[in-house]
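Take a look at the structure below.
The values are calculated or read from the model by the stated rules, or taken from the named source; none is laboratory data. For clarity, every value in this text was computed on a predicted model and none was experimentally measured. Please note: Cβ atoms are built from the backbone with ideal geometry, for glycine as well, and neighbour counts cover all protein chains shown. In case anyone asks, the SASA skips ligands and DNA or RNA and just uses the protein heavy atoms, side chains included. Shrake-Rupley method; radii C 1.70, N 1.55, O 1.52, S 1.80 Å.
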Amino acid sequence: MGSIQQRNILNKSYHLIDQSINLISITSFWSDINFPEAFSKTNTLDATFVNNYIRIMQGYPIYDQFRLIDLHGDEILRFERIARDSMAPMETQNKVDREYVNRGLALERGQVYVSPIELNKENGVIEVPHKPVLRGVTQIFDGNDVQVGLAVVNFNMDNIFSFMKTRISEDNFFLLDTDGKIITSNLDYNTLAHQNIMNGTDSMIQKRLELKNLIFKKDTFFMENGSLWTYQNVRTGYEKDVGMNRYAGMAEIVSNNDWAILQEIPPTYINSRLASIRKNLILFNLLTLFVIALIGFGYAMTQKEKQNFVARLKRKNKELTSSQEELHESNRRVERSNQQLQVRNKQLEDFNYVVAHNLKAPVSSMNIIVDLLSKSKDQKTFEELFPKLETISSNIQILTDDVQTYVSILNNRELELENVNLLLKLKDVEKDFVERLLDEKEQNFTIEYRLDEWHAIKCNRFYMRSILHNLLSNALKFRRPDVKSHVIFETAWEDGKKVLYVKDNGLGIDLERHGDNLFKLYKRFHRDVSGKGMGLFIVKSQLEAMNASIAVDSEIGVGTTFKIKFNNS
Amino acid sequence: MRNPSILLVDDDEVYIYVTKKILANMSDDISVKSFNDGERAIEFIQTCTQENTPLPGVILLDINMPYLDGWGFLSEFKKLVPKLSEREVNIYMVTSSNDPHDMERAKEFEQVTGYVVKPVFEDKLAEILTDVYDENW
């Protein structure tokens, strides 16, 4: 029903658009005529030249008035409909305070202003009987293309409205304006009720429909107050939008009109339509009941057979469950080794990085020195270059030792794991720094333990010691001299996994700049703090070997927090 | 023509020494400057832009360095580009890494003119100088 309504509304909407466009082209016609120069109230216009047009216009009842207005808002010429088929000149008025005159004077050449639909006023008073009018306004020019005034055509909307008010069923029709006010409706002979002063018995419905669903002005249909409502915007530019060329070369429209059509199918009509559907529904239900009874009978017959079948099924199911458990177990194993493989892969990548960036460097330097040596024959160059080879050699020595440490971590497959008490281990590590911690200058440094959540972890005790040593060492090294420094070791749980936080209030590091490199070999970030850039690299490798991961959060001048997550726990 | 000027940014002292030596052998006209990490190098570039002193025509940039690595240098350099007016700086990544990842990453920076894998012999340096200064070496 909604879509039939929509089609009906579309017809009405097209009609309104067609008519409006017609009116616009009629209006714009006047801007193409050469008017005599500079006419005004005092310099009256010889109206004879318009008489031919008037003769044609008076045959069409839609033309209600035709006026020429000068640039001061004074009517120079005024024709009004006096009977069904005749128009006559009338006494002119000043219209300077009317909206349409002001809008008209602001137009540019080629534009037509279309006013909102209003009840016609004469000398400031609404005319009775009410006459809904739409005004088309355009500029008029003299032979030298100088604007001399405006042409205003009033169109009587009664005919158009009466078409739109036709019903296809018992529907109620409303034409709404921008503010949702009712321009006209087939419920009421009062057009534009909101422009009138009404007495108390006139209901609100004649002015404006208060519908919740009309907040958003979009084409839709909806149920409210038991009625089916269909809402459709009237888009004057519709044909242009879809690329139809019927109105090519049409004047540009200036207007703040937004019209919408609303149709209501009242509850009484809906109910009468639904009654027959309801009758059919009962019949259908009866039929369904009968079919269900039949199926039930058949079901009872097969039930016995089924019981046997169910017993067999249960046996099978049991077998399946046990094999499913096996499957789960092997799935878990695959997952575990998959995880290990991923870690391994990541380690391999890191190792490749070390090979590419650290190991190859001295070799390439050596290469080039050897090349230079072989090319040069003089003693001086030889004496210069030879010590460089020694430098490279000692560099390689250091590098090999470091890489050896690293590779031994990577290779240690049979890592011995045992339960390590975190507090004991930390106290043990503290001893490594006993001198630094006692040093008067560093009395300022406190170590805090918050190990309530868990205090023992299954890990390799040598690695654990090395990790804690490195982290504590970093906290000491990178403290801020101007504040009371601390490091906090705190245990926690996350997703059922043990987590260790190591938080300090030290120098902090710019992660945006260095985040990628923090755990890489030979990376250093603080110029005036000694170190060779090995600590965090080893920490990360050892943690990965124990299936743990490390993440960092840091802010310069605030501190650094390392988060270690033990995935095995 | 302008005199060639090269900036070496590398933490490998031996490489810096050797490259300077090769360049000195090639011509007396080449001015060479060097830094051992990206941070010092970018500070130098910043000073140049502020004081409007000439920038090096060629930068040979290592990737793996302390304090600020080659990538870090590039992203800082990118921020300076609007201040560089029309002065042209050609950055070559010079690294011992032939890791395809690094080469791919270098391509993402439009400021990078080329990618050179160490060791850098004389002919390679000559090629770079020819490309930049359009002169036979």
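Numbers at a glance
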item	result
Cα lying deepest toward the dipole's positive end in region A:415-566, options A:Ser466, A:Gly533, A:Val552, charges on Cβ	A:Gly533
Residues in region A:379-400 that, when all protein chains are in place, have 40 Å² or more less accessible area than the chain alone would give (probe 1.4 Å)	A:Glu384, A:Lys388
Two-site label geometry, A:Val355 and A:Phe29: point separation in nm, points 7 Å out along Cα→Cβ	9.1
Summed buried accessible area for A+B [probe radius 1.4 Å, Å², rounded to 100]	2700
Length gained when the stretch A:Tyr299-A:Lys380 is fully extended (0.36 nm per residue, less Cα-Cα span)	18.4 nm
Reachable lysines, given that their alpha-carbon falls under 24 Å from the alpha-carbon of A:Lys306 and they are not under 8 places away in the same chain	A:Lys314, A:Lys316, A:Lys318
Percent of C-alpha pairs per 5 Å bin, region A:457-569, short to long	2, 12, 22, 27, 20, 12, 5, 1, 0
Estimated distance in nm for a label pair at A:Arg336 and A:Asn256, the labels positioned 7 Å out from Cα along Cα-to-Cβ	7.6
Mean Cβ neighbour count within 10 Å, used as a protection proxy, ranking A:48-60, A:279-291 highest first	A:48-60, A:279-291
Cα gyration tensor of region A:41-114 - equivalent ellipsoid semi-axes, whole Å, descending	22, 15, 12
Separation of the A:Asp528 and A:Val363 label points, Cα + 7 Å toward Cβ, nm	4.0
Gained length - A:Phe49 relative to A:Leu348, 0.36 nm times residue gap less alpha-carbon distance	97.8 nm
Average accessible surface area per residue within region A:391-545, 1.4 Å rolling probe, Å²	53
Contact order relative to length of region B:24-137, as percent, for alpha carbon pairs under 8 angstrom and 6 or more apart	22
Cα-based convex hull, region B:5-133, per residue volume (Å³, whole number)	101
Computed Rg/Rh of region B:74-118, alpha carbon atoms with Kirkwood Rh	1.02
Computed [θ] at 222 nm, helices only, for the protein assembly as shown once each DSSP H run of length n ≥ 4 contributes -39500 (n - 2.57)	-14000 deg cm²/dmol
Reference-scaled alpha-carbon Rg (2.2 N^0.38 Å with N residues) for region A:2-160	1.08
Extent along principal axes [Cα atoms of region A:320-418; Å; largest to smallest]	85, 29, 13
Theoretical FRET efficiency, 1/(1+(r/R0)^6), r = Cβ-Cβ of B:Lys107 and B:Leu80, R0 25 Å, to 0.05	0.75
Normalised contact order of chain A, rounded percent, pairs of Cα under 8 Å and 6 or more residues apart	9
B:Ala24/B:Phe44 FRET efficiency (R0 22 Å; Cβ-Cβ; nearest 0.05)	0.60
Charge dipole (debye, nearest 20) of the protein assembly as shown; +1 at Cβ of Lys and Arg, -1 at Cβ of Asp and Glu	3480
At least 50 Å² accessible surface lost relative to isolated chain, residues of region B:4-23 (1.4 Å probe)	B:Val14, B:Tyr17, B:Val18, B:Lys21
Globularity index of the protein assembly as shown, i.e. its alpha-carbon radius of gyration over 2.2 N^0.38 Å	1.72
For region B:1-67 and region A:43-111, distance of Cα centres in Å	85
Ellipsoid semi-axes in whole angstrom, largest first, where each is sqrt(5λ) of the Cα gyration tensor of region A:289-368	69, 17, 6
Threshold 50 Å², region B:59-84 residues less accessible with all protein chains present than alone (1.4 Å probe)	B:Asn64, B:Tyr67
Pairs from A:Lys523/B:Lys78; B:Lys21/B:Lys124; A:Lys498/A:Lys520; A:Lys458/A:Lys523; B:Lys78/B:Lys107 whose Cα-Cα separation, in the structure shown, is over 19 Å	A:Lys523/B:Lys78; A:Lys498/A:Lys520; A:Lys458/A:Lys523
Relative contact order %, region A:415-566, counting alpha carbon pairs below 8 Å whose residues are six or more apart	23
Order of exposure, largest accessible area first, which applies to A:Glu448, A:Glu122 with probe 1.4 Å	A:Glu448, A:Glu122
Span-like helix ranges in chain A, DSSP H, alpha carbon extent 27 angstrom or more, Kyte mean at least -0.5	A:2-28, A:379-411
Surface accessible to a 1.4 Å probe, per residue, for the residues of region B:1-103, Å²	42
Extension gain from A:Glu329 to A:Lys458, taking 0.36 nm per residue of separation minus the Cα-Cα distance	44.2 nm
Distance between region A:366-409 and region A:435-487 - C-alpha centres, whole angstrom	39
Accessible surface, 1.4 Å probe, highest first, among residues B:Met26, A:Met464	B:Met26, A:Met464
A:Phe284-A:Ser322 FRET efficiency (beta carbon distance; Förster radius 56 Å; 0.05 resolution)	0.70
Carbon and sulfur %, accessible surface of the protein assembly as shown computed with the full protein complex present, 1.4 Å	52
Largest to smallest accessible area among B:Lys78, B:Lys21 [probe 1.4 Å]	B:Lys78, B:Lys21
Cβ-based net charge around B:Ile42, under 10 Å, with every Lys or Arg adding one and every Asp or Glu removing one	-2
Cβ neighbours within 10 Å from other chains - mean over B:91-103	3
